[in-house]
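Written below as structure tokens is the structure these notes are about.
The values are calculated or read from the model by the stated rules, or taken from the named source; none is laboratory data. The shown structure was predicted, so the numbers you read here are calculated from the model rather than taken from an experiment. A quick note on method: Cβ atoms are made from the backbone with ideal geometry, for glycine too, and the neighbour counts reach across all protein chains shown.
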Amino acid sequence: MNIVHYEPWRLMGRLHREIDQLFGASVTSGNSAAGQLAAWTPSVDVREEPESFIVHADLPGVEAKDIQVTADKGVLTIRGARHLERGENRKGYERLERIEGEFLRRFTLPENARAEAIKARHTNGVLEVVIPKVPVTEPRRVNVEVN
């Protein structure tokens, strides 16, 4: 399974988010291409087993209702959003290290993936996506007759 990364403005988007966090989101407009695509990128593990591919995505603080998993035209897409509660700022300063907002990850599905049978489960902040493989058919041996 190949990982598809198409985020040409990722570093600029990250810089914008960090400046927004430092200055309270009033300095930058947030209209960068990366900012509209995804606010953060979850960590993902992909492994292959004999019968399937398994994708584990770390999504702490994301509810299952806020996650969308789609498979279309050979691409697996995991997208969603994390919403954090904001507390009152009583001391005059605030430190926010957890990022909220939308996320997006895309993966190219191999040819032997059964896209119609993909299953996803969200447990304790980890999304598990199971992508079954098409059973491998052995080549049929044809006997050559002698005349």
Practice task
Would you mind stating whether residue 90 is modelled with pLDDT under 85 and among the charged types (D, E, K, R)?
Solution key: yes
> in contact with an Asp or Glu (Cβ under 6 Å, 6 or more places away or on another chain), closer than 15 Å to residue 101 by Cα and not basic (Lys, Arg) - does that describe any residue in segment 55-70?
Replying inline: no
For segment 121-147 the number of residues that are more than 26 Å from residue 44 (Cβ to Cβ), at pLDDT 90 or above and either part of a strand (DSSP E or B) or acidic (Asp, Glu) (or both) is 1
Residues of segment 46-62 being among the acidic types (Asp, Glu), in contact (Cβ under 8 Å) with a residue 12 or more places away in the chain and farther than 24 Å from residue 13 by Cβ, in sequence order, are 48, 51
Of (1) at pLDDT 90 or above; (2) out of contact with any Asp or Glu (no Cβ under 8 Å at 6 or more places or on another chain), residue 43 fails just (2)
Conditions (1) modelled with pLDDT of 95 or more; (2) at positive phi -> residue 61 fails only (1)
Pairing a residue in segment 114-131 that is under 11 Å from residue 54 (Cβ atoms) with any residue that is surrounded by 13 or more Cβ atoms within 10 Å (Cβ to Cβ) and hydroxyl-bearing (Ser, Thr, Tyr), where Cβ atoms lie under 7 Å and the two sit 6 or more apart in sequence or on different chains, gives 130/52; 131/52
By residue number, the members of segment 39-56 that are assigned to a strand (DSSP E or B), among the acidic types (Asp, Glu) and under 13 Å from residue 128 (Cβ atoms) are 45
- Within segment 69-87, can one find any residue that is loosely packed, with under 14 Cβ neighbours inside 10 Å, more than 30 Å from residue 137 (Cα to Cα) and within 11 Å of the chain's Cα centre (by Cα)? no
